[in-house]
Amino acid sequence: MQEMTYGITLPETPREFGFFINGEWRGGRELYERDSPSHGVPVTLTSRCTPDDVNDAVAAARLAFDDRRWAGLPGGARAGVLLRTAEGIRQRREEIARWEVLENGKPISQARGEIDHCIACFETAAGAARLLHGDSFNNLGDNLFGMVLREPIGVVGLITPWNFPFLILCERVPFILASGCTLVVKPAEVTSATTLILADILAEAGLPAGVYNVVTGTGRTIGQALTEHPDIDMLSFTGSTAVGRSCVHASGDSNLKKLGLELGGKNPIIVFADADLEDAADAAAFGISFNTGQCCVSSSRLIVERTVAEKFETILADKMKKIRVGDPFDPETQVGAITTTSQNETILNYIAKGKEEGAKILTGGEVLDCGNGRYIAPTLFSGVKSSMAIAREEIFGPVLSSFHFDSLDEAISLANDTVYGLAASVWSKNIDKALTVTRRVRAGRFWVNTIMAGGPETPTGGFKQSGWGRETGILGVEEYTQAKSVHIETGGRSHWIAS
Ligand code: TXE
């Protein structure tokens, strides 16, 4: 190991990870080498699994579901495994944070915060595992009693993206496990390490073999094989709307598996003249720069009341200039590197397009030289028109587009002028205005005078083309169950055929 600045070490040679099926580590496949986006050195080697590996993993998950080694346990026993996993993650917090930084490029302080959220996800799901229940009907007449059972849906395929490798995983896995399902996970090829580490932690916590399986590799081969697999009962996918659409086709062409989809966003932050402008500007700077804007709920459209627009944009641009971009191992860093070369190119292309289409850059717009990595300055565009690409398309980078409005109705209509509906934030001291906006803007998550707040107790998910279904919270467990109605005759049957 070689010593790095800020007291963190980079691997001298990349660490090789196998893949995990039926409680065992496997290897021997072609390897994919991942470079740290912030340091330019190879850090991990992950297996390029084959479609046969996918079949093996699904068969293991199928058997583990069908023989009821997990679904047949009392909820309290499942809760015990989830709580021990939470503790295992707590003990390995620094190790997980380090791999998140090395593969993803996010700041270490942020990675640690995300892991704390992941621990809370396991704890929340443990509570839900104990409390999950159905319903009963005592009003069907004296001769009939009705029950609604909640049953786990079966084998779940889980495909996760590279922007929050561990966080998105942990917003799904404990809730899937709480329901009694078994699963096969495929992480994004560039960020597989922490999904594999979780396999060890779950096994040490007592999760039976075959319940959590991981196959690694590309979306086109391994991801696609999962979406088409006839023995997967439900697929949870988080990623681009384009691939989400292909999951819908694959489900239709195979076994009509249920889908949970969390897709893109173009989320509005609406600022009224009566808001605390300093607070709102701080939130807007955070909302677009957090995770370098590679965040599905990032607030990428600023919709500000015209009477204060110029003043607000000045305060905001000043704040954005002060954001500390740099080596993610520096504990002071707020914004790290862009995760992939292709995402870097996409963001820079959008910045160029915004300029070409006539929007004005108030701050940022340039590549930053922060050492051996890919860094882009947080960027604010003003004078954006609804027809521009930067107004309509998900950039997935630290690029904020500003629009101005004159009335409440115009603010709402601008906010809804998108195919997406993942999240929104509104800033006003006037409760009537804030609530009207909250009710009329179509988005799955809403923040009033705050942004990106909340924990695993509340559900996440999108309206419109941002997705289907909900993750986390009680709804996030129920999503992985199906209801079975049961009718029990309690009196003598009145015969249909005369005796
Ligand atoms: O996503 P992909 P990419 C958006 C964001 C970004 C764009 C492209 O706008 O710029 O998507 O990112 C797997 N069948 N979001 O190309 O391709 C893939 O291996 C099955 C928003 O990385 O959707 C990875 O595990 N799976 C989003 C996962 O899908 C396939 C987060 C996501 O990759 C597949 C990420 C296929 N045919 C990107 N092709 C959010 N909402 O947070 C790929 N995959």
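Screening Ala411, Ala391 for residues that are in contact with an Asp or Glu (Cβ under 8 Å, 6 or more places away or on another chain) and either away from the ligand (no atom under 15 Å from the Cβ) or not in a loop (DSSP other than H, G, I, E, B) (or both) leaves exactly one candidate, Ala411.
Among the candidates Arg26, Arg84, the residue that is over 30 Å from Asp369 (Cα atoms) and either polar (S, T, N, Q) or free of Cβ contacts under 8 Å to residues at least 60 places away in the same chain (or both) is uniquely Arg26.
If the condition is being surrounded by fewer than 18 Cβ atoms within 10 Å (Cβ to Cβ) and not in a loop (DSSP other than H, G, I, E, B), then the stretch 479-499 contributes Gln482, Ala483, Lys484, Ser485, Val486, His487, Ile488, Glu489.
Of the candidates Leu368, Leu362, Leu348, the single residue that is farther than 25 Å from Trp99 by Cβ and away from the ligand (no atom under 15 Å from the Cβ) is Leu362.
Counting only helices (runs of 4 or more DSSP H) that sit completely within the stretch 2-110, those holding 3 or more residues that are in contact with a strand residue (DSSP E or B) (Cβ under 7 Å, 6 or more places away or on another chain) correspond to 51-66. Kindly indicate the residue of the stretch 218-241 that is within 7 Å of the ligand (Cβ to nearest atom) and β-branched (Val, Ile, Thr) and also nearest to the chain's Cα centre (by Cα) among those meeting that condition. Restricting to residues being within 7 Å of the ligand (Cβ to nearest atom) and β-branched (Val, Ile, Thr), the top hit is Thr238. Cβ-Cβ contacts under 8 Å between residues 6 or more apart (or on different chains), taken from a first residue in the stretch 453-475 that is on the phi > 0 side of the Ramachandran plot to a second residue that is within 13 Å of the ligand (Cβ to nearest atom) and assigned to a helix (DSSP H, G or I), are listed as Gly467/Gly244.
Put simply, of Asp253, Asp274, Asp318 the only residue that is out of contact with any Leu (no Cβ under 6 Å at 6 or more places or on another chain) and closer than 21 Å to Ser413 by Cα is Asp274. Per this entry, Asp66 is not counted among residues that are of a type outside the set (Lys, Arg), surrounded by fewer than 17 Cβ atoms within 10 Å (Cβ to Cβ) and under 20 Å from the mean Cα position of the chain (by Cα). For the stretch 177-188, the criterion of a residue being within 25 Å of Ile338 (Cβ to Cβ), assigned to a strand (DSSP E or B) and within 16 Å of the ligand (Cβ to nearest atom) is satisfied by at least one position. Contact map, the stretch 189-200: residues that are outside any helix (DSSP H, G or I) paired with residues that are among the acidic types (Asp, Glu), Cβ distance under 8 Å, separation 6+ or inter-chain. Pairs shown: Val190/Glu103; Thr191/Glu100; Thr191/Glu103; Ser192/Glu103.
Of all residues in the stretch 70-88, at least one satisfies being out of contact with any Cys (no Cβ under 8 Å at 6 or more places or on another chain) and farther than 25 Å from Glu151 by Cα. Considering only residues in the stretch 205-217 that are within 15 Å of Asp52 (Cα to Cα) and assigned to a strand (DSSP E or B), the one that is nearest to the ligand (Cβ to nearest atom) turns out to be Val214.
The set of residues in the stretch 424-443 being of a type outside the set (S, T, N, Q) and either within 16 Å of Arg301 (Cβ to Cβ) or in contact with a helix residue (DSSP H, G or I) (Cβ under 9 Å, 6 or more places away or on another chain) (or both) consists of Ala424, Val426, Trp427, Lys433, Val437, Arg440, Val441, Arg442, Ala443.
Here is a check on your reading of the model: is Ala337 within 17 Å of Glu366 (Cα to Cα), touching a Ser or Thr at 6+ places or on another chain (Cβ under 6 Å) and assigned to a loop (DSSP other than H, G, I, E, B)? Yes, satisfied. Scanning the stretch 344-363 turns up no residue that is within 28 Å of the chain's Cα centre (by Cα) and in a loop (DSSP other than H, G, I, E, B).
Count of the stretch 254-286 residues, restricted to those that are within 23 Å of Gly461 (Cα to Cα) and among the polar types (S, T, N, Q), is 1. If you go through the stretch 95-153 and pick out every residue that is at positive phi and surrounded by 22 or more Cβ atoms within 10 Å (Cβ to Cβ), you end up with 1.
Quick note: the coordinates plus some simple rules give every number you see, no bench work behind them. Everything numeric in this text was worked out from a predicted model, so none of it was measured. Virtual Cβ from ideal backbone geometry, glycine too; neighbours counted across all protein chains shown.
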